[in-house]
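To keep things clear, I will list the structure first and then write my remarks on it.
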Amino acid sequence: MTHFQPNAGQAKAITAPLDSHVCIIAGAGTGKTETLSRRYVRIMRETPGIHPRNIVVLTFTEKAATEMRARIMYAVRDEQLPFSRLDMAEANISTFH
């Protein structure tokens, strides 16, 4: 993963209890995608037996969903988590629409 130093709000979202939902509302360029990518990887790393299809990530645009999927796939690879591209293809990363 790229070097990322989360601010207090981002760290709170990343480290929120794994059994809770997280909703991030922030403007463009504030690190939402990177923050959600980090939380996703944390969930996968710290939850035995979890599969990418069991985590839902929603955003507002197709462009943002495509970027989110790419970042999460790279993060999973960089963290050397035991999931294939086929597993990641089942990930629920989409838009509200």
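The values are calculated or read from the model by the stated rules, or taken from the named source; none is laboratory data. The model shown is predicted, which means the values in this text are computed figures rather than measured ones. Note: accessible area is taken over every heavy atom of the protein model, side chains too, but ligands, DNA and RNA are not part of it. Shrake-Rupley method; radii C 1.70, N 1.55, O 1.52, S 1.80 Å.
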Task: Whole-angstrom Cα spans of the chain along principal axes, big to small - done: 32, 28, 26
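Over the chain, what relative contact order in percent results from Cα pairs under 8 Å that are six or more residues apart? Can you show the working numbers first?
Values: 90 pairs, mean separation 30.6, N = 97.
Rounded, it is 32 percent for the chain.
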TODO: Using a 1.4 angstrom probe, figure out how much accessible area the chain has per residue, in square angstrom, rounded to the nearest whole.
DONE: 66 Å²
TODO: On the full set of protein chains, 1.4 Å probe, figure out the accessible area of Val56 and give it in Å² to the nearest 10.
DONE: 100 Å²
Open item on the list: Within the chain, what whole-number % of the accessible surface is contributed by carbon and sulfur, with the 1.4 Å probe and all protein chains included in the calculation?
Closed with: 56 percent
